[in-house]
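Inspection log for the structure reproduced underneath, given as structure tokens.
The values are calculated or read from the model by the stated rules, or taken from the named source; none is laboratory data. What you see is a predicted model, and the numbers here were worked out from it, not measured in a lab. Glycine gets a Cβ as well: all are built from the backbone with ideal geometry, and neighbour counts include every protein chain shown. The accessibility values were calculated without ligands, DNA or RNA, using every heavy atom of the protein model including side chains. Shrake-Rupley method; radii C 1.70, N 1.55, O 1.52, S 1.80 Å.
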Amino acid sequence: GALVYQYPRRTICKSGTSMRMECQAVGFQATSVAWYRQSPQKTFELIALSTVNSAIKYEQNFTQEKFPISHPNLSFSSMTVLNAYLEDRGLYLCGARRAPNSDYTFGSGTRLLVI
Amino acid sequence: GQQVQQSPASLVLQEGENAELQCNFSSTATQLQWFYQSPGGSLVSLLSNPSGTKHTGRLTSTTVTKERRSSLHISSSQTTDSGTYLCAIDRGAGNKLTFGIGTRVLVRP
């Protein structure tokens with residue numbers, strides 16, 4: 001079956017520091033990887049979508065300078081939260097799909113706490 | 001406005017009761033997925049149902065594409081069904097999922 005492993009599961013970082021999270025697709029080739037953030041009491045906000053052979057597309061309010069993403073092959077993606085502050089806390093989820101209109105499979109999320 | 005609206009916002013059930021969750025969306029959807037988010041945060045895909053009716057276990061989803069709505073029926077609820085149920089659509093342009101805010105379900109023993 002299709003699985004997505006995401007790590008770390010939770011992390012605490014000091015305000016102003018950076019942290020990196022990783023996402024591994026197992027059992028399928030992830031042609032698209034989407035990174036989402038779920039802030040406290042909010043629904044999922046799309047940060048960026050990375051599709052093979054296309055530039056990574058960031059949503060409004062999110063930038064590459066703040067959330068650089070790497071998608072070097074069809075099984076791995078990583079995202080860094082640079083200079084994390086209180087407003088960056090929340091649950092970060094990566095979702096991967098093998099083809100347009102196929103189902104997304106999500107990782108278990110990385111919960112970020114900023115102190 | 002919000003592209004994916006879910007109702008009710010929350011629901012309390014007695015174990016064994018049935019429940020129906022609603023999802024309305026404001027634009028054409030080429031794909032629609034129902035997800036379950038556990039209290040710990042993990043997201044699990046329950047059903048993919050862009051149109052028609054689909055069943056899996058105690059779950060039934062019915063999507064009426066023309067009316068831009070989908071429902072998720074939970075039958076014979078169990079305490080382990082407690083969590084948040086999310087509806088998400090893919091409008092086909094940009095290849096991304098847009099989520100609703102979810103319905104929080106609590107099933108009491």
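For (1) of a type in the set (Ser, Thr, Tyr); (2) farther than 22 Å from B:Gly102 by Cα; (3) touching a residue at least 24 places away in the same chain (Cβ under 8 Å), each residue gets a yes or a no:
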residue: A:Leu46; (1), (2), (3): no, no, no
residue: A:Lys57; (1), (2), (3): no, yes, no
residue: A:Lys66; (1), (2), (3): no, yes, no
residue: A:Pro72; (1), (2), (3): no, yes, no
residue: A:Ser75; (1), (2), (3): yes, yes, yes
residue: A:Asn83; (1), (2), (3): no, yes, yes
residue: A:Tyr104; (1), (2), (3): yes, no, yes
residue: A:Gly109; (1), (2), (3): no, no, yes
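Every residue, every condition in (1) in contact with a strand residue (DSSP E or B) (Cβ under 7 Å, 6 or more places away or on another chain); (2) within 20 Å of A:Asn101 (Cβ to Cβ), yes or no:
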residue	(1), (2)
B:Glu67	no, no
B:Ser70	yes, yes
B:Ile74	yes, no
B:Tyr85	yes, no
B:Ile89	yes, yes
B:Gly92	no, yes
B:Thr98	yes, yes
B:Val105	yes, no
B:Arg108	yes, no
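Note on region A:8-36: among residues that are among the charged types (D, E, K, R) and either more than 21 Å from B:Leu86 (Cβ to Cβ) or buried (at least 22 other Cβ atoms within 10 Å of the Cβ) (or both), the one that is farthest from the chain's Cα centre (by Cα) is A:Lys14. Within region B:61-74, residues that are under 12 Å from B:Gln5 (Cα atoms) have Cβ atoms under 6 Å from residues that are modelled with pLDDT under 95 in these pairs: B:Arg68/B:Phe25; B:Ser70/B:Leu32, counting only partners at least 6 apart in sequence or on another chain.
Are any of the residues in region A:41-60 open to solvent by less than 60 Å² (accessible area, probe 1.4 Å) and among the basic types (Lys, Arg)? No, every residue in region A:41-60 fails to be open to solvent by less than 60 Å² (accessible area, probe 1.4 Å) and among the basic types (Lys, Arg).
Residues that are of a type in the set (Lys, Arg), within 14 Å of chain B (Cβ to nearest Cβ) and open to solvent by less than 30 Å² (accessible area, probe 1.4 Å): which strands (runs of 3 or more DSSP E) entirely in region A:72-115 hold 1 or more of them?
A:90-97
Count of region B:17-41 residues, restricted to those that are open to solvent by less than 30 Å² (accessible area, probe 1.4 Å), more than 11 Å from chain A (Cβ to nearest Cβ) and assigned to a strand (DSSP E or B), is 4. Checked against (1) under 12 Å from the mean Cα position of the chain (by Cα); (2) facing chain B (nearest Cβ under 9 Å); (3) of a type in the set (Val, Ile, Thr), A:Thr51 meets all criteria but (1).
When region B:75-109 is limited to residues that are of a type in the set (Lys, Arg) and touching an Asp or Glu at 6+ places or on another chain (Cβ under 9 Å), the one that is surrounded by the most Cβ atoms within 10 Å (Cβ to Cβ) turns out to be B:Lys96.
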